[in-house]
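Asker: Let me give you the structure first, and then I'll get to my questions.
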Amino acid sequence: MLTHDQERLGATGSLQFQPIDSLIFSLDGLFADFDATRQEDFLEAVSFSRTGTGKPQTIVRDGAIASNGNLVYGLFDDVDLRSESRYDEMQTRFSQFTLKGDWQVADRFRLIGQVGHARSNFDNPIQTTITLDRLNSDGYSWDFRDDDRLPGFGYGFDVESAANWNFANGQSEIRLRPNTSDNLYVSRTLDGIWDFSDSVQLKGGLQSRNYKFSTTEFRRTSE
């Protein structure tokens, strides 16, 4: 089961200033604040997702195979089961500002300059995952034989009782992985436009771009 709550705030604005007839400045801005919490809860039969030989001790008690060769029903003993829960708190703030100037220097010559600044800051201060396990569980089953409903899963015990789960050494864990990611992008342009004649126009200019980013991640694993 996955639950994702989100809150978003956004704002945009523009200003213009014209000190003289031949010169105009424009300032555009954008801001966004995005907050989210995410909860993920799973019940897993990890015996069937292991690579290599999987878990050879698992015993097949019963089963049914469809005409296409798929195992659509199975009853198993000695299955490793896991209850997994993950919780995240996340925030992203984004801002962007652009300042543009347009100057008609002479009748046939014009300068256009622009500076842009964009910043994004992502913070995931809480990313916590806790797993509990039940090893060698008997009576686990799945059933895909009825096309008119969702598949059925049986666990052979009361999955809601905490007494039926363990923090298994070497299997269960507590993972803490807070992380951040910051990005900064700055661009600058200066263009000149010369109307050499009514049919010929010359353009040229300068451009620079800078991009910076930094990321952090902390990990604590308890097994």
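The values are calculated or read from the model by the stated rules, or taken from the named source; none is laboratory data. For clarity, every value in this text was computed on a predicted model and none was experimentally measured. Here the Cβ is made from the backbone with ideal geometry for all residues, glycine too, and neighbour counts use every protein chain on show. Protein only, heavy atoms only, side chains kept; ligands, DNA and RNA dropped before computing areas. Shrake-Rupley method; radii C 1.70, N 1.55, O 1.52, S 1.80 Å.
Asker: Can you pull out every residue in segment 126-148 that is open to solvent by 70 Å² or more (accessible area, probe 1.4 Å) and assigned to a strand (DSSP E or B)?
Answerer: Matches in segment 126-148: Ile130, Leu135, Asn136.
Asker: Additional query: Within segment 152-208, which strands (runs of 3 or more DSSP E) (wholly inside it) include 1 or more residues that are in contact (Cβ under 8 Å) with a residue 24 or more places away in the chain and in contact with a His (Cβ under 7 Å, 6 or more places away or on another chain)?
Answerer: 179-195
Asker: Has segment 122-134 got at least one residue that is hydroxyl-bearing (Ser, Thr, Tyr), in contact with a strand residue (DSSP E or B) (Cβ under 8 Å, 6 or more places away or on another chain) and either at pLDDT below 90 or within 30 Å of Asp102 (Cα to Cα) (or both)?
Answerer: No, because not a single residue in segment 122-134 is hydroxyl-bearing (Ser, Thr, Tyr), in contact with a strand residue (DSSP E or B) (Cβ under 8 Å, 6 or more places away or on another chain) and either at pLDDT below 90 or within 30 Å of Asp102 (Cα to Cα) (or both).
Asker: Give the number of residues within segment 165-199 that are open to solvent by less than 60 Å² (accessible area, probe 1.4 Å), more than 16 Å from Ile130 (Cα to Cα) and either within 27 Å of the chain's Cα centre (by Cα) or not acidic (Asp, Glu) (or both).
Answerer: Number satisfying all stated conditions: 12.
Asker: Moving on. For residues that are under 30 Å from Gly156 (Cβ atoms) and either outside any strand (DSSP E or B) or open to solvent by 60 Å² or more (accessible area, probe 1.4 Å) (or both), tally how many sit in segment 10-43.
Answerer: 2
Asker: Could you check, for segment 60-80, whether at least one of its residues is under 30 Å from Glu7 (Cα atoms), of a type in the set (Phe, Trp, Tyr) and in contact (Cβ under 8 Å) with a residue 12 or more places away in the chain?
Answerer: no
Asker: Inside segment 45-80, can you point out the residues that are farther than 20 Å from Arg145 by Cα, open to solvent by 50 Å² or more (accessible area, probe 1.4 Å) and of a type in the set (D, E, K, R)?
Answerer: Within segment 45-80, just Arg50 meets the criteria.
Asker: One residue is enough: does segment 92-100 have a residue meeting the conditions in a strand (DSSP E or B), among the β-branched types (Val, Ile, Thr) and more than 30 Å from Ile174 (Cβ to Cβ)?
Answerer: Yes, because at least one residue in segment 92-100 is in a strand (DSSP E or B), among the β-branched types (Val, Ile, Thr) and more than 30 Å from Ile174 (Cβ to Cβ).
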